[in-house]
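Since the structure comes first, as structure tokens, the remarks are kept for the end.
Just so you know, all these numbers are worked out from the coordinates, no wet-lab data involved. Bear in mind the structure is a predicted one, so any value in this text is a computation, not a measurement. A quick note on method: Cβ atoms are made from the backbone with ideal geometry, for glycine too, and the neighbour counts reach across all protein chains shown.
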Amino acid sequence: MVEQLRPGVIFAGYQIERLLGTGGTGEVYLAHDRDLPRFVALKLLNSVAGDDGESRQRFLREANIIARLSHPNIVTIYARGEEQGRQWLAMAYVDGSDLAAELLTGPLEPQRAAAITADVARALDYAHDAGVLHRDVKPANILLTAQPREWALLSDFGIAQSSNEVRGITENGEVMASFQYTAPERFHGEARVDRRADVYSLGCTLFAMLTGAPPYADADLPRLIYGHVSAPVPSVRALNPALPATLDSILARAMAKNPRHRFATCTELATSVTAALNASRPRPAALPPRETGRHSATPVAASWNQSRIILISLAVVVSVGAVAAAIGLLSSLMGPSSHSSALLTTTAPRAVPTTTPTSISTSAGVAADGCPVRRTPDMVSGTDSGSTATGPDAILGFQYAYYVLRSGTAARQFVADDSGNVADAPKIQSGIDSVPPGTRYCVQVTRLTPTDNDHWSVKITQQPPGQLPDVFTQTVTTRTAADHTLITSIDD
């Protein structure tokens, strides 16, 4: 038995904090970085696996591959090396849990399962496009950041082998994967394995998220293999009747025995799941036409596809218990700016209740792909939490409350009380319900004219999980009075 490292020990320059987990090939420790003030996850290959030439080469090869994969949903590798005869990897530490731990308490809420699937699908398709197969997609290898904005990251690209994993036949003589999530073609030594094997494993993982158990969970290994190779895909609805019926056909395609019958990419699977869940939700009632104000207002159609541009200008009411916390957070965010340009003139914040939540994350990780973070005298962009210091800051604050806090009451703190064409909080709920949880966004605000501090051109990029971004444009009018700036109208 290999002796584990004790807390406080220095290994390869990293100070060990505690053991995070163990597997068949080694251990993972929480450690202090040797160069920067941060924690890292330090993975060590144990001496038994290190003495096996194939295991050692696999460890090094996979480390080199992952180091080239730079993606927000893939755990980053910082460094690798050898110390005291043991190979090691220093990786980003994810403060949260893993999906396997979450599933110990039962199935996930379907929209949460869809968001996690979309995150993992993005990571897998990125790796596949780079020529890398994961080969070990399962809940234990999906890390989840802490709430309120959960983010899924994929780890262990074929490196680790935990105690519930066994070896099967491939052209190299063995595979390293949990049989409960293994594609049927991987049980045939001469079968060609491609990205669709990961599609199958992601389908099994989604099944587990929706039901609390993998599709084939027999404790008898031959019967478990038979399930993957020959048994029909179980009905997810039989285990969770509340789910939409279309999910059965989606999972049947994802876990088809013949790889040619599966989704071609993981994102196709994730997009189908999100669409199925959205289609099963009650459609929001149409909002009444807005009154004509300084800018013309347009009627709102009943369909979300027709009304989403207008709904972006709205926000949603959170539950009564969370309203005070959301407003309290805004109170702490509405501080003065330190910039001195005309656009960024500092003014005092608007008075709001001061109840503050115990903890909340920043907006990091909610930005849509390619979102620029920029602030000039004539343009502001990003996902900043905003303030009431300037017009652009009020617009940023409104959208932050919409996408991150998901609170219509909080968003209304950035709107003037006499605004004629921004809906009140109760009417906002139907709009936010049409936006899938986990949707990322980006706000870009520019002046309409060089000297106008009241009228702004706003471009909003909205990127639902597993989908390409949509772009909407608005004209927003603001007014500065009583030492704070608020939104007076939003026009499409």
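Structure data summary
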read-out: Net charge of Cβ neighbours under 13 Å - reference ARG260; Lys, Arg +1; Asp, Glu -1; value: +4
read-out: Mean Cβ count within 10 Å, highest first, over the residues of peptides 126-137, 220-231; value: 126-137, 220-231
read-out: Selection from GLY420, GLN474, ASN453, by position along the positive dipole direction of the stretch 395-492 (Cβ); value: GLN474
read-out: Charge tally in the Cβ shell below 13 Å around ARG112, where Lys, Arg are +1 and Asp, Glu are -1, ARG112 excluded; value: -3
read-out: Listed peptides 434-445, 33-44, 75-86 by packing density, highest first (mean Cβ within 10 Å); value: 434-445, 33-44, 75-86
read-out: Spread of Cα-to-Cα distances over 5 Å intervals beginning at zero, given as percent, for the stretch 362-405; value: 5, 23, 33, 26, 11, 1
read-out: Partner lysines for LYS43 [C-alpha distance under 22 Å; skip if fewer than 8 residues away on the same chain]; value: LYS138
read-out: Charge context of GLU150, other residues only, Cβ under 9 angstrom, K/R +1, D/E -1; value: +1
read-out: Sites ALA213 and ASP424 - FRET efficiency at Förster radius 56 Å, r taken between beta-carbons, to 0.05; value: 0.80
read-out: Distance in nm between pseudo-label sites at THR376 and ILE10 (7 Å out along the Cβ direction from Cα); value: 4.9 nm
